[in-house]
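A.B. asks: Below are the structure tokens for one structure; questions will follow.
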Amino acid sequence: MTTFNELGLSTSVLHNIARLGLHTPSAIQAACIPAILSHKDVIGIAKTGSGKTATFALPIVHKLLEDPFGIFALCLSPTRELAHQIAEQFMVFSAGTNLRCDVIIGGEDLIGQSNLLLQRPHIIVATPGRLLEHFMFSADIVKCFEKLQYLVLDEADRLLDVSFEAELRYILSNLPRLRQTLLFSATVTQSVTALQSLLGKGTFYYEDVGTSKIVLRCEHLYAFMPERIKDIYLIQIIRELSVETTRMVVFSSTVQKCEMLSQLLSALGIRASSLHSAKKQRDRCGTLSSFKNGSVKILVATDVAARGLDIPDVELVINYDVPMDYRQYIHRVGRTARFDKSGRAVTLVTQYDVTKIKSIEQNIGHQLRQLTLRELHMKHLVSEVFAARRLVKLRLASPAGLNEKFRSKRR
Ligand code: AMP
């Protein structure tokens, strides 16, 4: 088994690794860190929670300490929360040094960010939309990237899909060609494969093929119910499973539903908080930190929380809506059972979802097992949940116009 000492990392980086209590590199770390240190472009595909962030952050910090200058590395992330999380990891891996890492994401002050960029910090972690704004706004900012050594695309399959295409093309055309490009993802899409040919011959490709696409330490369950009474099942599942669960994430497919569910839970006396794109960035950060510090046990989220977020002790993921495809299933469910922990995922399946769930099972090569619930006290539950739902619907339709605000956003 490889040790961190054998990967070619400097003593100060090794010191921080030891301080964090990391003993053995994961498979992707053992394979990709030496390749990155030997100047190769890298594509790394491994299931979620397998230590991908350290795989690129450790060698970048190592190289930066040899010759620190800014802007040395740019790391792109599809979501704002993931950007913050990546920056936090850079900070811990470079603790005790003077390396500076800044986050450039939407929903925050544009001018303040411009000033930060012009000071050329060593590492920038950004979401593509906001970085594009800076690039279009100022040639001086583009110039700050002229010596860039590393470009990292985390959750690369999401960054390379059509919704980010224009932004990414503009950003890439403004970066120096002579650099190392590192791509990481839990799922492979055609765009990732296409990029492999673009990166050139020397690209180091690592795919964790020996194991399943999903985390097998996670128990994959489903509950079948008529669409009409889905909320009732959700409440019953939460009440039953929350007794033995520290933290759980409930995924829904739209912002409006996400907000409705979170408020429904609160109206029923179950403390929950919502995370979606219609919330102010300040509130999104607040929600995430109360979830991380344990003051809120249930996070109701859209797919903004499905990618890469590493929240310790999430023991249960509930798919209120069946994921669109198996990739989305892998990413959502990957919020539990991280690294060597175990977890549970329950997907709510109605009469309209049978084909979708069969296709997910086929693609992940694993059959979901039926969740057995204690006897439902239907009559009582129906009146309790329906009354709470009426209240929430009225609240959301109030002059505050929340419904309008949430309708326009999908994630
Ligand atoms: P990531 O896939 O980067 O989100 O990492 C998932 C979790 O695994 C994070 O909490 C990391 O701190 C942790 N981790 C990363 N590398 C290792 C390692 N070699 N040994 C133990 N835990 C690790």
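A.B. asks: Taking the chain as a Gaussian network, Cα atoms linked when under 10 Å apart, which of K40, K297, K356 shows the biggest mean-square fluctuation?
C.D. replies: Top of the fluctuation ranking is K356.
A.B. asks: Where Lys and Arg each count +1 and Asp and Glu each count -1, what net charge lies around K297 among other residues with Cβ under 11 Å from its Cβ?
C.D. replies: On the way: positive: R247, R271; negative: D313, E315.
Counting the neighbours of K297, the net charge comes to 0.
A.B. asks: Which of D353, D41 comes first, and how do the rest follow, when ranked by fewest Cβ neighbours within 10 Å?
C.D. replies: D353, D41
A.B. asks: If R₀ is 22 angstrom, what is the calculated FRET efficiency for the pair F386 and R239, using the beta carbon separation as r and rounding to 0.05?
C.D. replies: Details: r = 16 Å, r/R0 = 0.74.
For R0 = 22 Å, the calculated efficiency reads 0.85.
A.B. asks: Please tell me which of these pairs span more than 18 angstrom C-alpha to C-alpha: K63/K147; K47/K358; K280/K393; K40/K201; K230/K393? Let's see the in-between values first.
C.D. replies: Values: K63/K147 14 Å; K47/K358 21 Å; K280/K393 21 Å; K40/K201 10 Å; K230/K393 16 Å.
Over 18 Å Cα-Cα: K47/K358; K280/K393.
A.B. asks: Translational diffusion coefficient, Stokes-Einstein: compute it for the stretch 218-405 using the Kirkwood radius over C-alpha pairs as Rh, at 25 °C and 0.890 mPa s, and state it as an integer in µm² s⁻¹.
C.D. replies: On the way: Rh = 16.8 Å.
Reported coefficient: 146 µm²/s.
A.B. asks: Relative to the present Cα-Cα distance, how much length would full extension add between V354 and L20 at 0.36 nm per residue of separation? Walk me through the numbers on the way to the answer.
C.D. replies: Working: separation 334, 0.36 × 334 = 120.24 nm, distance 4.43 nm.
Here the segment from V354 to L20 would lengthen by 115.8 nm.
A.B. asks: Here is a further query. Between R169 and K379, how high is the FRET efficiency from 1/(1 + (r/R0)^6) when r is the Cβ-Cβ distance and R₀ = 35 Å? Nearest 0.05. Please report the intermediate quantities before stating the final value.
C.D. replies: Working: r = 57 Å, r/R0 = 1.64.
With a Förster radius of 35 Å, E is 0.05.
A.B. asks: With label points built 7 Å along Cα→Cβ from the Cα atoms of L216 and F69, find their separation and express it in nm.
C.D. replies: 4.9 nm
A.B. asks: Okay, next question. Going by alpha carbons, how many degrees (0 to 90, nearest 10) lie between the helix axis of 190-199 and the longest principal axis of the chain?
C.D. replies: The answer is roughly 0 degrees.
A.B. asks: Just the C-alpha atoms of the chain: what Rg/Rh do they give, with Rh taken as the Kirkwood radius? List each step's numbers first, then the result.
C.D. replies: On the way: Rg = 22.0 Å, Rh = 22.4 Å.
Taking Rh as the inverse mean 1/r over Cα pairs, Rg/Rh reads 0.98.
A.B. asks: How compact is the stretch 293-348 by the rule of thumb for globular proteins, expressed as Cα Rg over 2.2 N^0.38 Å? Before the final figure, lay out the partial values.
C.D. replies: Numbers: Rg = 10.8 Å, N = 56, 2.2 N^0.38 = 10.2 Å.
Compactness ratio reported: 1.06.
A.B. asks: Mean-square fluctuation check for the chain, GNM, Cα pairs under 10 Å: which of L221, L275, L131 is largest?
C.D. replies: L221
A.B. asks: Just from its helices, what would the mean residue ellipticity at 222 nm be for the chain, if runs of 4 or more DSSP H residues each count -39500 (n - 2.57) and the sum is divided by every residue, rounded to the nearest 500 deg cm²/dmol?
C.D. replies: Numbers: 17 runs with 182 residues, N = 411.
Result for the chain, helices only: -13500 deg cm²/dmol.
A.B. asks: With loop defined by DSSP as not H, G, I, E or B, and exposure as at most 12 other Cβ atoms within 10 Å, which is the longest segment of the chain clear of exposed GluC sites (Glu not before Pro)?
C.D. replies: Values: sites that count: E146, E244, E375.
For GluC sites (Glu not before Pro) (loop position, at most 12 other Cβ atoms within 10 Å), the longest site-free span of the chain is 1-145.
A.B. asks: Any chance you could run the full-extension gain for M324 through E146? It's 0.36 nm times the residue separation minus the Cα-Cα distance, nm to one decimal. Can you show the working numbers first?
C.D. replies: On the way: separation 178, 0.36 × 178 = 64.08 nm, distance 3.96 nm.
Here the segment from M324 to E146 would lengthen by 60.1 nm.
A.B. asks: Okay, next question. For helix 162-173, report the angle its Cα long axis makes with the longest principal axis of the Cα atoms of the chain; keep it between 0 and 90° and round to the nearest 10°.
C.D. replies: It is inclined by approximately 10 degrees.
A.B. asks: What is the distance in Å between the Cα centroid of the stretch 242-302 and that of the stretch 343-384?
C.D. replies: First find each Cα centre; the distance between them is then 21 Å.
A.B. asks: For the stretch 134-173, divide the Cα radius of gyration by the Kirkwood radius and give the resulting Rg/Rh value with two decimals. Each step should come with its number before you reach the end.
C.D. replies: On the way: Rg = 11.4 Å, Rh = 11.4 Å.
My calculation puts Rg/Rh at 1.00.
A.B. asks: Along the Cα→Cβ direction, 7 angstrom out, place labels at K257 and F224. What is the inter-label distance in nm?
C.D. replies: 2.0 nm
A.B. asks: Using the alpha-carbon atoms, what tilt in degrees (0 to 90, nearest 10) does helix 27-37 show relative to the longest principal axis of the chain?
C.D. replies: 30 degrees
A.B. asks: If you wrap a convex hull around the C-alpha atoms of the stretch 4-207 and split its volume per residue, what is the figure in Å³?
C.D. replies: Working: hull volume 22.5 nm³, N = 204.
Once divided by residue count, the hull of the stretch 4-207 is 111 Å³.
Readers should treat all values here as calculations from the given coordinates under stated rules, not as data from a laboratory. Worth saying up front: this structure is predicted, and the values here are computed from it rather than measured. Neighbour counts run over all protein chains shown; Cβ positions are idealised from the backbone, glycine included.
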